[in-house]
């Protein structure tokens, strides 16, 4: 690939500039900050777009400008390709805008990633770089000046990792990592299978036990079968005998029933008779008592009539007396009232000074006169009152007497009534007694009849007792034999059931064991695979990686040492890298700390490292289209004058078809074929062609 | 007459600050000795500094001591060496000379010194032995000297920073370094104050036994190999002119500059693992008293497993520093691992896919894998080369890979 021109619009210190880049060695010359490195960054942007961590929009787009673009003209495999990428300022960031590509006059608009993919394909870069930082470009073509020394100072692991990616040898790391991931999965799978097999020996042992059990069962069944048959036969025999006996016994059953009924009836009748006899006794007692009572009482109907008449008369008298009493009481009451009035008048008059009627003065003589009159009336009243009171008293006494008489007459009447009832009762009881005596006789007769029947039945039943005893014994025997048979039958059933279960279990066990044996076989295979991966595969992958790295390291080392010796003044200073590409500086074999190097020596080391990398990668990835292009950005920082002189040899040795150098060292101008001068005035870079 | 013959100080040579400091201290001690011994002058036969423009700190220390010499009226004469020489003349030596602290006696860039009793001249050392031809063709010096009579009492000293063939150490002979033979040296001097080879040796002139040709050695070891074997040295030379016998008598006394003691450890790493090697080294260190010493650890051999970075040298360094060592230096240039000892010639220039193919093929030949395994291997290398996609959870990713592998390896029933 050759860069023909770079056009910048609103990129950093450039407003509008086009830089034509010829073949051969080109020096971009100018003071520090004149915009030389911008051309290189813009070129990288045009090729690969913005790259996180490497190239961001905000660092490219000129401040205070809303949009900008880079247009790059390239020659790749004799084709002229023009790439244009835009930048836009948004609120918070600067983003890529449209991208266009023009190939031999045909323009096409592409998305940013599409363009990047196209470029990667055209330059024969690994397509995996589409989403990653393009380290190959950075390590083979262009490294910004501030980054050149960084790779030397990085941690060995980081550096080795970066170089692996650059050399595309990190695939072995990927392979090993993926293999480890797979081995972890394999380990889990193995664990799973081992878990399934944990109980295999147990299951096998169980199966063996079951087989043994099954055999024993068979033996037991064979022993038990005849015994059970015999037991059944025996039970049948006894049952037949019992049947025969029972038939015999059935015959006497009726007799027994009748006897039972008769006995029951007989018992009931006796009980009844006893009750009746007791009742009769009670009645006799009662009748005797009533009789005694009645003999004491005088009962006559006439007496009763006489009493009734007296009662009526007395009651009438009582009524009259009460009326009189009321009258007298009423009179007494009026006397009392009149008396109260008179007393009140006396009191009033004693205090009276003026007549309430005529309103004349009331004299004391008048008062006295009135008072006297009233007193006379009072005396008269008192007398009357006393007389009446006395009459009342007499009347009360009389009333009391009459009331008592009435009471007595009522008592008498009651007694007569009671006597009448008692007599009635006596007659009833007599009748009852007679009735009971009659019944008693009847029952007695019945009892006698029943007793006779009972005797007859008992006589008959005596004969059947022996038979029943025999039958009972036979039943007992049957029970025993049935028990035995039952036990044997249970045993047999149990063993049969057991046999069935064992066979079922054995079958299940066999299926399970077969499954587990298959799992075991699979596990063996997986183990073999695991061993092979751990032992052989990883070893070989490791060996290949080491061989490749050793190869690269050896090639790199030669180039690194060569470039370094070309660039340093001190002949005693040597350098080499170890297997991890960690550079070490030595003087007579003794290591020198990097910090003891001068600035120029450090730059020489970094430049030698970079040039060696560039050559190794280009030889390894021989199809890279950028292998004939090299960009060196301020590669001589800190170089002494003698070292700068050596750069001439270095540039000649590089033999790049297009070598673009950025330097502010004027001495370099004599080493190159073309010079492009940059100037910055008023924050704007300009190019002098 | 008494003078000091110092060479190859190489001030600023070490990158390690502690050693740089010691290097300067050695120079300071040497100058202190010169002052104590009340020498008449000091000769520095090249490579006072390790570079033409040393650091400020080095300069400060050096000028301080040179100033002290001056205050004691002890002159200091020098020539540049292969390290501190600058073809453009932009060397700090010229600054020091301008400051009056020392004098360059090179016949071209400086000026030979002639007094009543001495004549001192020299040739600056240059890179790659470029001074040798100059030495061989010193005409004007010869003329200058011939102009004088040999029988004058002046001591004639020649400062050279060069490689003398006869004194070239055996281990350097194979390097085909440019050197000059004794016979080719200018004849007319009494004392040849040499520098450049870091050896402490003096020999007699083949034709004139009283003439001394001497290398004092470096004032302080300037390399790791010197640290392992040398101490710092310079010469104190007493000169007597026996006029009666027409003899110039030189008594050359070697002065050793010993600062920190050096402990050199050589550990064989053959068949060790990274862990066992670390333990082995620590065990050796524990046996020594490391306090205030310079420790050089050279580890050589082939580890039987692991990588070099697996060897915890950081812990070893920390241990040594914790034991109070002055400085800890390690050399692992000849330490390798079995993993690195792969027959790279078999797989160089092959692509990754080709390397994969070759390795599988080799393993099949060695019967480490079977044919069917090879097919399975290739299949799995392809199937395992998967990445988690954006938004994919770990569980889903694991499931995806597993189901793919199970299906491809026909493990459904067994799974």
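The values are calculated or read from the model by the stated rules, or taken from the named source; none is laboratory data. From a predicted model like this one, the values you see are computed outputs, not experimental measurements. With ideal geometry, Cβ positions are generated from the backbone for all residues, glycine too; neighbour counts draw on all protein chains shown.
The condition of being modelled with pLDDT under 85, under 17 Å from residue A:166 (Cα atoms) and either more than 12 Å from chain B (Cβ to nearest Cβ) or surrounded by 21 or more Cβ atoms within 10 Å (Cβ to Cβ) (or both) holds for residue A:627. Taken together, the residues in segment A:117-169 that are outside any helix (DSSP H, G or I) and either farther than 30 Å from residue B:314 by Cβ or within 54 Å of the chain's Cα centre (by Cα) (or both) amount to 14. A count restricted to segment B:190-217 and to residues that are touching a residue at least 40 places away in the same chain (Cβ under 8 Å) and more than 14 Å from chain A (Cβ to nearest Cβ) stands at 15. Can you confirm whether residue B:51 is part of a loop (DSSP other than H, G, I, E, B) and touching a residue at least 24 places away in the same chain (Cβ under 8 Å)? The answer is yes for residue B:51. Residue A:159 satisfies every condition listed in (1) surrounded by 18 or more Cβ atoms within 10 Å (Cβ to Cβ); (2) within 14 Å of another protein chain (Cβ to nearest Cβ); (3) over 27 Å from residue B:351 (Cβ atoms) except (3).
Tell me the residue from B:350, B:308, B:383, B:344 that is modelled with pLDDT of 85 or more and surrounded by 12 or more Cβ atoms within 10 Å (Cβ to Cβ), please. Before the answer, list the steps.
Values: B:350 fails: modelled with pLDDT of 85 or more; B:308 fails: modelled with pLDDT of 85 or more; B:344 fails: modelled with pLDDT of 85 or more.
After ruling out the rest, the residue left standing is B:383.
Against the test of being within 30 Å of residue A:520 (Cβ to Cβ) and either surrounded by 12 or more Cβ atoms within 10 Å (Cβ to Cβ) or away from chain B (no Cβ under 14 Å) (or both), the options A:263, A:194 yield a single qualifying residue, A:194. Taken over segment A:55-65, residues that are out of contact with any helix residue (DSSP H, G or I) (no Cβ under 7 Å at 6 or more places or on another chain) and either under 15 Å from residue A:120 (Cβ atoms) or part of a loop (DSSP other than H, G, I, E, B) (or both) amount to 5.
Is it the case that some residue within segment A:632-652 is assigned to a helix (DSSP H, G or I), within 14 Å of chain B (Cβ to nearest Cβ) and more than 30 Å from residue B:20 (Cβ to Cβ)?
Filtering segment A:632-652 down to residues assigned to a helix (DSSP H, G or I) leaves A:641-652.
Pick out the ones that are also within 14 Å of chain B (Cβ to nearest Cβ) and you get A:641-643, A:645.
Among the residues that remain, those that are also more than 30 Å from residue B:20 (Cβ to Cβ) are: none.
Within segment A:632-652 (the criterion being assigned to a helix (DSSP H, G or I), within 14 Å of chain B (Cβ to nearest Cβ) and more than 30 Å from residue B:20 (Cβ to Cβ)), the answer is no, since none of the residues qualifies.
Taken over segment B:386-415, the criterion of being in a loop (DSSP other than H, G, I, E, B), surrounded by 13 or more Cβ atoms within 10 Å (Cβ to Cβ) and within 7 Å of chain A (Cβ to nearest Cβ) is satisfied by B:386, B:387, B:414, B:415. With the structure loaded, tell me whether residue A:359 is loosely packed, with under 15 Cβ neighbours inside 10 Å and not in a helix (DSSP H, G or I) or whether it fails that test. Yes; evaluated as a whole, the condition is true for this residue.
Looking at segment B:286-303, which of its residues are over 19 Å from residue B:20 (Cβ atoms) and either within 14 Å of another protein chain (Cβ to nearest Cβ) or touching a helix residue (DSSP H, G or I) at 6+ places or on another chain (Cβ under 9 Å) (or both)? Break it down stepwise before answering.
Our first condition is that a residue be over 19 Å from residue B:20 (Cβ atoms); within segment B:286-303, this holds for B:286-291, B:297-303.
Result: B:286, B:290, B:297, B:298, B:299, B:300, B:301, B:302, B:303.
Taking the listed residues A:634, A:601, the one that is buried (at least 17 other Cβ atoms within 10 Å of the Cβ), more than 23 Å from residue A:140 (Cβ to Cβ) and in the same structural domain as residue A:27 (by TED's automatic domain parsing) is A:601, with no other qualifying.
Every listed requirement among (1) buried (at least 16 other Cβ atoms within 10 Å of the Cβ); (2) more than 12 Å from chain B (Cβ to nearest Cβ); (3) closer than 24 Å to residue A:619 by Cβ is met by residue A:154 save one, (1).
Taking residue A:619 as the residue in question, decide whether it is touching a residue at least 40 places away in the same chain (Cβ under 8 Å), within 21 Å of residue A:669 (Cβ to Cβ) and either surrounded by fewer than 21 Cβ atoms within 10 Å (Cβ to Cβ) or touching a strand residue (DSSP E or B) at 6+ places or on another chain (Cβ under 8 Å) (or both).
Working: touching a residue at least 40 places away in the same chain (Cβ under 8 Å): yes; within 21 Å of residue A:669 (Cβ to Cβ): no; either surrounded by fewer than 21 Cβ atoms within 10 Å (Cβ to Cβ) or touching a strand residue (DSSP E or B) at 6+ places or on another chain (Cβ under 8 Å) (or both): yes.
So residue A:619 does not fit the description; no.
Taking the numbered list (1) buried (at least 16 other Cβ atoms within 10 Å of the Cβ); (2) assigned to a helix (DSSP H, G or I); (3) modelled with pLDDT under 90 in turn, residue B:364 passes all entries but (1). Restricted to segment B:1-21, and to residues there that are surrounded by fewer than 21 Cβ atoms within 10 Å (Cβ to Cβ) and away from chain A (no Cβ under 14 Å), the residue that is farthest from residue B:50 (Cα to Cα) is B:1.
Tell me, which residue of segment A:36-51 that is modelled with pLDDT under 90 and over 22 Å from residue A:122 (Cα atoms) is surrounded by the fewest Cβ atoms within 10 Å (Cβ to Cβ)? My answer is A:37.
Which residue out of B:29, B:70, B:60, B:21 is in contact (Cβ under 8 Å) with a residue 40 or more places away in the chain and assigned to a helix (DSSP H, G or I)? Can you show your working first?
Details: B:70 fails: in contact (Cβ under 8 Å) with a residue 40 or more places away in the chain; B:60 fails: in contact (Cβ under 8 Å) with a residue 40 or more places away in the chain; B:21 fails: in contact (Cβ under 8 Å) with a residue 40 or more places away in the chain.
One residue alone meets the criteria, B:29.
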